[in-house]
Amino acid sequence: MKKMILITLSMGMLHANDAYQTYNTMMPELKMADNNLTFKIIEGYQDYKVVATHFRTDKNEIRYILANPIGYNALKEKQKVMPEGSKIVKIGWSVKKMPTFPNALEADTIQRVEYMVKDSKNFNANGDNWGYARFVKKEGKYMAWDKGTQSCISCHSAVKNTDYLFTKLQATF
């Protein structure tokens, strides 16, 4: 029984290990040019809690949305305004058919890691108090998004009434 549990836990860690490998290959040299946010700010994001999943049909990606403890507790308590220090991380994965169940899709490889950090001292110029960062995979390597954060700000302004978040905590039961 112990061996079966260990095997199950080990298999469940495959995606976490891929994310960890991504983290180690991206950090710390990547930096957003327009706001200086680095990948290092979300160091340890592998231990954040999953709060939701989304599927982007335009990108053909499944996205896992994670939150640090501050952000997670605020989402759990349904706070209208996220507290300072909240961090929301989106990991976008390409998808492939599951070899063991061809009618289903599963995450394949990480295509992007994006995050938002609530920091009113450094990111109040747009009135939203969030700093945005996006790191994308191009030609097998990760790089900071070269188009800046204006597209993030523009997109998230559509959900101003939910403190610029598209995500809410998905119920598990």
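The values are calculated or read from the model by the stated rules, or taken from the named source; none is laboratory data. Everything quoted here is computed from the prediction, not taken from an experiment. Quick reminder, even Gly has a Cβ in these numbers, built from the backbone with ideal geometry, and neighbours come from all protein chains shown.
Condition test on Lys78, is it of a type in the set (Lys, Arg), in contact with a Gly (Cβ under 7 Å, 6 or more places away or on another chain) and within 25 Å of Ala171 (Cβ to Cβ)? Criteria not met by Lys78.
When Leu9 is tested against (1) modelled with pLDDT of 75 or more; (2) surrounded by fewer than 20 Cβ atoms within 10 Å (Cβ to Cβ); (3) not polar (S, T, N, Q), just one condition goes unmet, and that condition is (1). Sort out which residues of region 115-152 are at pLDDT below 90 and of a type in the set (Val, Ile, Thr), and write them in order of number. Selection gives Thr149 alone. Is it the case that region 31-45 has a residue that's touching a Pro at 6+ places or on another chain (Cβ under 8 Å), surrounded by 14 or more Cβ atoms within 10 Å (Cβ to Cβ) and at pLDDT 95 or above? No.
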